[in-house]
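**Q** Have a look at the structure that comes next, please.
The values are calculated or read from the model by the stated rules, or taken from the named source; none is laboratory data. Keep in mind that what you see is a predicted model, and the values were worked out from it rather than measured. Because the Cβ atoms are built from the backbone with ideal geometry, glycine has one as well, and the counts that use them run over all protein chains shown. Calculation scope for accessible area: heavy atoms of the full protein, side chains included, ligands and nucleic acids excluded. Shrake-Rupley method; radii C 1.70, N 1.55, O 1.52, S 1.80 Å.
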Amino acid sequence: MPIANYSVLAGRPIAGKVVSGASAHYQITMQAGGGTFTVAVNIQSVDGSEVLYAIEEGFTPPDPLGLTALPMGITALRSEARGLALDYVRSTVNGAPMITKSQMTLLPKQSEKAKGSSAEAEAIQRAKAKALENAVITLLNMTIADKDGVIYAFGSAYADGGKVDGIHDIHMNQGNPANNHGGDNGVWQDGALFINLPSKGTWTAVFIAFQTESWSTDSVGNPV
């Protein structure tokens, strides 16, 4: 079945921190609609599924007016075209693909050792492994500095203690092999971060996918 509770969270970021463990991620704390929410962004590769990512500056969302019209907080989205839902394979902006696999960069595992294992090579490899984390931190600080800055986080809304607490699955959610998160496959339910800085008049997008995911999918998001 597709991911649960596909939604977008619109809010003002107030803090961020790295959460380590089996599934390391960067946790952004957001203030929205009188409440506090968390956004979990995958920043490291785990279980053999290397992370692909793209930071698109000067980005134009498929529907910027629809996004800025949203209330602060969680908004449930229908997984269908002609709305605010995102699809890495199907979404377009001005007739061009919203994102392509060729635009994305491979994020090496933190545990990978550079060839030759020299100190300089290992330092470069560690820097590459932290590239996405550093980019998210930079964008977070820029948004906090902009008094009207807003982050729009697309993914699966989750709840702890009977209330909605935040968004995770902020990455491509289709094209998974049947034996590796295949149950999450679906169309028009992909995750991403869109950052709007009104003071600069700019949008920036963060797209995340995994090498195990296919970019050729059928009508229900399974790999072709």
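**Q** Can Ala153 be described as among the hydrophobic types (A, V, I, L, M, F, W, C) and at pLDDT below 95?
**A** Numbers: among the hydrophobic types (A, V, I, L, M, F, W, C): yes; at pLDDT below 95: no.
Criteria not met by Ala153.
**Q** Restrict the check to the stretch 172-185 and report whether at least one residue is closer than 19 Å to Ala32 by Cβ and out of contact with any Ser or Thr (no Cβ under 8 Å at 6 or more places or on another chain). I'd like the intermediate steps shown before the answer.
**A** Here is the first cut: in the stretch 172-185, the ones closer than 19 Å to Ala32 by Cβ are none.
No - not one qualifying residue is present in the stretch 172-185.
**Q** Has the stretch 129-138 got at least one residue that is over 13 Å from Val41 (Cβ atoms), not acidic (Asp, Glu) and not in a helix (DSSP H, G or I)?
**A** Yes, there is a match, as at least one residue in the stretch 129-138 is over 13 Å from Val41 (Cβ atoms), not acidic (Asp, Glu) and not in a helix (DSSP H, G or I).
**Q** Here are the criteria: (1) surrounded by 17 or more Cβ atoms within 10 Å (Cβ to Cβ); (2) out of contact with any helix residue (DSSP H, G or I) (no Cβ under 6 Å at 6 or more places or on another chain). Tell me which single one Pro64 does not satisfy.
**A** The failed condition is (1).
**Q** Inspect the stretch 183-200 for any residue being among the polar types (S, T, N, Q), more than 19 Å from the chain's Cα centre (by Cα) and in a loop (DSSP other than H, G, I, E, B) and give the result as yes or no. Break it down stepwise before answering.
**A** First, pick out the residues of the stretch 183-200 that are among the polar types (S, T, N, Q): 185, 189, 196, 199.
Now drop any that are not more than 19 Å from the chain's Cα centre (by Cα), which leaves 199.
Add one more test, that the residue is in a loop (DSSP other than H, G, I, E, B), and what stays is 199.
Yes, that holds for at least one residue.
**Q** Same structure again: Would you confirm whether any residue within the stretch 137-159 is over 18 Å from Ala24 (Cα atoms) and aromatic (Phe, Trp, Tyr)?
**A** Within the stretch 137-159 (the criterion being over 18 Å from Ala24 (Cα atoms) and aromatic (Phe, Trp, Tyr)), the answer is yes, since at least one residue qualifies.
**Q** Residues in the stretch 65-74 that are modelled with pLDDT of 95 or more and under 17 Å from the mean Cα position of the chain (by Cα): how many?
**A** 1
**Q** Mind checking which residues of the stretch 171-187 are aliphatic (A, V, I, L, M) and at pLDDT below 95? Give the steps one after another, and end with the answer.
**A** Initial filter on the stretch 171-187 (aliphatic (A, V, I, L, M)): 172, 178, 187.
Correct list: Ala178 only.
**Q** Quick one: how many residues across the stretch 46-57 are modelled with pLDDT under 95 and exposed (fewer than 15 other Cβ atoms within 10 Å of the Cβ)?
**A** Summing the residues that are modelled with pLDDT under 95 and exposed (fewer than 15 other Cβ atoms within 10 Å of the Cβ) in the stretch 46-57 gives 2.
**Q** Read through the list (1) at pLDDT 80 or above; (2) within 26 Å of Gln211 (Cβ to Cβ); (3) among the hydrophobic types (A, V, I, L, M, F, W, C), then give the number of the only condition that Ala145 fails.
**A** All conditions pass for Ala145, except number (2).
**Q** Another question, then. Can you name the residue in the stretch 105-124 that is part of a loop (DSSP other than H, G, I, E, B) and modelled with pLDDT of 70 or more and is also nearest to Ile208 (Cα to Cα) among such residues?
**A** Among them, the one singled out is Pro108.
**Q** Within the stretch 82-104, how many residues are over 17 Å from the mean Cα position of the chain (by Cα) and open to solvent by less than 30 Å² (accessible area, probe 1.4 Å)?
**A** 1
**Q** Now, a different point. Residues to consider are Lys130, Lys200, Lys163; find the one that is modelled with pLDDT of 90 or more, farther than 20 Å from Ile99 by Cβ and either open to solvent by less than 60 Å² (accessible area, probe 1.4 Å) or not small (Gly, Ala, Ser) (or both).
**A** After applying the criteria, what remains is Lys200.
**Q** From the list Met72, Met30, which one is open to solvent by 40 Å² or more (accessible area, probe 1.4 Å), among the hydrophobic types (A, V, I, L, M, F, W, C) and touching a Lys or Arg at 6+ places or on another chain (Cβ under 8 Å)? Spell out the reasoning first.
**A** Details: Met30 fails: open to solvent by 40 Å² or more (accessible area, probe 1.4 Å).
When all the criteria are applied, what remains is Met72.
**Q** Now a separate question. Quick one: which of Ser102, Ser79 is in a loop (DSSP other than H, G, I, E, B) and of a type in the set (Gly, Ala, Ser)? Outline the logic, then answer.
**A** Values: Ser102 fails: in a loop (DSSP other than H, G, I, E, B).
Only one candidate qualifies: Ser79.
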